[in-house]
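*Asks:* Structure provided below as structure tokens; questions to follow.
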Amino acid sequence: MEKVSRYLLVFIAILTLAIILPRLYWMAFEKPVRKPFILYSCINDDFMIHRISEKTWEDTKGQQYTREEYEQKLPMMFLKQLLASGTMPDSVNGVKLDMRDIAREKSFFRLKANEIDAPAPALYPLFESQSGRSMLDLPDDFFRITWRIEFIDAATNMVLEEKSQLFSATLFQYGFSFPAKTISGLATPRKSVDEGYLIVDAKDQLFHLKMIKGKPYVKTINVPEGLKFKYISCVDFKNKDFYAYLFSDKNEIYILTQGDYQFIKWPVDGFEASNCDLKIYGDLFNYTVVIEAKDHIKAIALSSGYHVINTYSETWKLKEEQTEGKIFASLFPALVSMTSDDSKFIRFYFVPSKGWNWVLFNFVLVAFHFIWLYRRKAKLKNHLADLGIVAVSGIFGFIAVHVFPGSLN
Amino acid sequence: MMWKLVVYKEWLKIRWFLVGYTLLGILGVGYLLLTVKHDFAFSGGKNIWNSILFLGNQFFSPLKYVSLAGGLIIAIAQYFPETVNKRIKLSFHLPLGENKVLLMMHTFGAVSLLLSFVIIFGLFSGFCLIYFPVQMVIYSLITILPWVLAGFSAYFLGALIILEPHWMFRFYYSLVGGFFLTIFFVPAVTSAYSPANSGLFVLTAILSIALLFSAYRFRKGEM
């Protein structure tokens, strides 16, 4: 029994050390990656790159610009600055610039991988979409979708039976299969108008639900055969061109047009929702789609009609491929982390080191432990398990078997 | 019959600590719920719900280290007296088997702690159900569960460290144990621990027999 308790403690120590030591190592030696800020210029039809740490502004051909020149190449982004300095052009590419048009078409969208793999809220507020008020009010009740849709009054914590029955019956009439798989919407009163929620039901059907004058508005959205969405992110852009960005299980990006509910697939390759961050800058002329991965950045310029105009990408070394990473992989066979950049969930993330360089160091530690036992005249056959633990888990096991030492007999 | 005597001996050691801790825990939960009641009255239920659901408000966060403190208090109350003049050796002379006596002591301490946690967090859950729907309470409990498991782990590790006869190893165990406990307290959004809780439960269960290792070294006069 004592032996079992010792090995269990050794296991706990190995796990703890596999979490703590790599974390301390990377706290000491990790070098930050300065990702460039990339936007497509409607002036010189090229990507403009701002390297923030180097304080340089350039295009993809290496042409260097001053900050002022750079801003003049991106009038849709630096509108206020150009207006202040009196360098805002009257027209671009033959299109006369109107401030209202520019403001209406300007949009920014950001999605991080850890927003997709994250706990969903327990309840959602359903706003009144046509209240007649200039500002939206947070409703008094919140809804959940289980075997039906239920509205719960926040003041009393009681189910509003009449409203729940009305909305449940309407959803049921439209063929909604309870419960919901995902509920996507902008659950905040800080938006220009309310467009309710896009809801995927138990049979992967997509519905649009909102509340108009206290009554349910439900629309069944025809999803092309075989198309499944892993994440839907609703937007509130001034031009009201589309309701949401939708990300399929094949990492395709779609938009859902407003009013006529048409899906338009964007010609964007290289996006992996599980480990990439996405930024989309929209303006009067273009969309710049920026995909940020661990070891590269890819920018895609789309026309306002969603056709690819230009692409640009840069790569850099992963931290595992840098000298610090190689030393890490020689010292540690793996690391365990409770957190991940790609998820908001806490898990035991096990990351084995690349390559087999750590085997050599493990062998040195086994030899060291062997000599230590030999000098103390320990019976070797009683310590084979310890030697095996050190051989497999390396520095973690070596420290663990010495922190919780067995009998030397 | 012998187990009744062991239980009585352990009860005599920890009773005031256990009762005092539980009462303080109840007072803490009472204060927390008064805060919620006050916020409901002044900010309105919908704003409180909204802040919890979408703005990251973890209203139960004052409970974060309550169970950790409980585990450490009970471990010290139960095992520190045993190290004074090596009194635990008297228990080892009982006609029960050394490990059996230890596991009895340990089970009693863990069950006492469990009862205390059930009272404190049961009260918390019950009051929460007045103000929040069951889903929000479940999400809160998923977030609280690792903190409760940390309480048990702290108790098991505390016993291990206190019974360890050698100061240097006490320091090593404290270091490893302290770092181990940090995995229960990683800052995260509400219910983020849901995939990890089963693993943390297994690790806590593993730690429950860790005491035997220190006791073994204590008995043998190791080092």
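The values are calculated or read from the model by the stated rules, or taken from the named source; none is laboratory data. Predicted model, so just to flag it, every value in this text is computed and none were measured. Here Cβ is always computed from backbone atoms with ideal geometry, including for glycine, and neighbour counts include all displayed protein chains.
*Asks:* Name the strands (runs of 3 or more DSSP E) wholly within the stretch A:25-106 that hold at least 3 residues that are within 24 Å of residue A:279 (Cβ to Cβ) and in contact with a Pro (Cβ under 9 Å, 6 or more places away or on another chain)?
*Replies:* Fully inside the stretch A:25-106 and qualifying: A:46-51.
Quick grid of which residues meet (1) within 14 Å of chain B (Cβ to nearest Cβ); (2) touching a Cys at 6+ places or on another chain (Cβ under 9 Å); (3) under 30 Å from residue A:306 (Cβ atoms):
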position: A:120; (1), (2), (3): yes, no, yes
position: A:153; (1), (2), (3): yes, no, no
position: A:170; (1), (2), (3): no, no, no
position: A:176; (1), (2), (3): no, no, no
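*Asks:* Residue A:336: assigned to a strand (DSSP E or B), under 34 Å from the mean Cα position of the chain (by Cα) and more than 14 Å from chain B (Cβ to nearest Cβ), yes or no?
*Replies:* no
*Asks:* What residue, of A:177, A:192, A:168, A:164, is outside any helix (DSSP H, G or I), touching a residue at least 12 places away in the same chain (Cβ under 8 Å) and either touching a strand residue (DSSP E or B) at 6+ places or on another chain (Cβ under 7 Å) or not polar (S, T, N, Q) (or both)?
*Replies:* Matching residue, one of A:177, A:192, A:168, A:164: A:177.
*Asks:* Shifting gears a bit: Where residues in the stretch A:267-278 are buried (at least 19 other Cβ atoms within 10 Å of the Cβ) and not aliphatic (A, V, I, L, M), which of them is farthest from the chain's Cα centre (by Cα)?
*Replies:* Per the stated criteria, the residue is A:271.
*Asks:* Suppose we keep only residues that are surrounded by fewer than 16 Cβ atoms within 10 Å (Cβ to Cβ) and of a type in the set (Gly, Ala, Ser) within the stretch A:147-179. Which one would you say is nearest to the chain's Cα centre (by Cα)?
*Replies:* This residue is A:177.
*Asks:* Can you tell me how many residues within the stretch A:134-154 are in a loop (DSSP other than H, G, I, E, B) and within 19 Å of residue A:178 (Cβ to Cβ)?
*Replies:* Residues that pass the stated criteria total 3.
Let's see how each residue does on (1) surrounded by 13 or more Cβ atoms within 10 Å (Cβ to Cβ); (2) closer than 30 Å to residue A:61 by Cα:
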residue: A:319; (1), (2): yes, yes
residue: A:351; (1), (2): yes, no
residue: A:376; (1), (2): no, no
residue: A:379; (1), (2): no, no
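Residue-wise test of (1) assigned to a helix (DSSP H, G or I); (2) within 12 Å of chain A (Cβ to nearest Cβ); (3) in contact with an Asp or Glu (Cβ under 8 Å, 6 or more places away or on another chain); (4) under 16 Å from residue A:140 (Cβ atoms).
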position: B:24; (1), (2), (3), (4): yes, no, no, no
position: B:27; (1), (2), (3), (4): yes, no, no, no
position: B:30; (1), (2), (3), (4): yes, no, no, no
position: B:33; (1), (2), (3), (4): yes, no, no, no
position: B:41; (1), (2), (3), (4): yes, yes, no, yes
position: B:46; (1), (2), (3), (4): yes, yes, yes, yes
position: B:51; (1), (2), (3), (4): yes, yes, no, yes
position: B:57; (1), (2), (3), (4): no, no, no, no
position: B:72; (1), (2), (3), (4): yes, no, no, no
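*Asks:* Failed condition for residue A:231, given (1) over 24 Å from residue A:170 (Cα atoms); (2) at pLDDT below 95, with all others met?
*Replies:* The number of the failed condition is (2).
*Asks:* Next up: Among the residues of the stretch A:365-376, is any over 25 Å from residue A:292 (Cα atoms), part of a loop (DSSP other than H, G, I, E, B) and within 14 Å of another protein chain (Cβ to nearest Cβ)?
*Replies:* Looking for residues that are over 25 Å from residue A:292 (Cα atoms), part of a loop (DSSP other than H, G, I, E, B) and within 14 Å of another protein chain (Cβ to nearest Cβ), one finds at least one in the stretch A:365-376, hence yes.
*Asks:* Separate question: Checking residue A:9 against (1) crowded, with 20+ Cβ neighbours inside 10 Å; (2) of a type in the set (A, V, I, L, M); (3) under 30 Å from residue B:186 (Cβ atoms); (4) out of contact with any Leu (no Cβ under 8 Å at 6 or more places or on another chain), only one condition comes out false. Which one?
*Replies:* Among (1) crowded, with 20+ Cβ neighbours inside 10 Å; (2) of a type in the set (A, V, I, L, M); (3) under 30 Å from residue B:186 (Cβ atoms); (4) out of contact with any Leu (no Cβ under 8 Å at 6 or more places or on another chain), residue A:9 violates only (4).
*Asks:* Which numbered condition in (1) under 18 Å from the mean Cα position of the chain (by Cα); (2) surrounded by fewer than 17 Cβ atoms within 10 Å (Cβ to Cβ) is the only one that residue A:290 fails?
*Replies:* (2)
*Asks:* Take the residues in the stretch A:296-305 that are modelled with pLDDT of 95 or more and more than 19 Å from residue A:43 (Cβ to Cβ); name whichever of them is surrounded by the most Cβ atoms within 10 Å (Cβ to Cβ).
*Replies:* By that ranking, first place goes to A:297.
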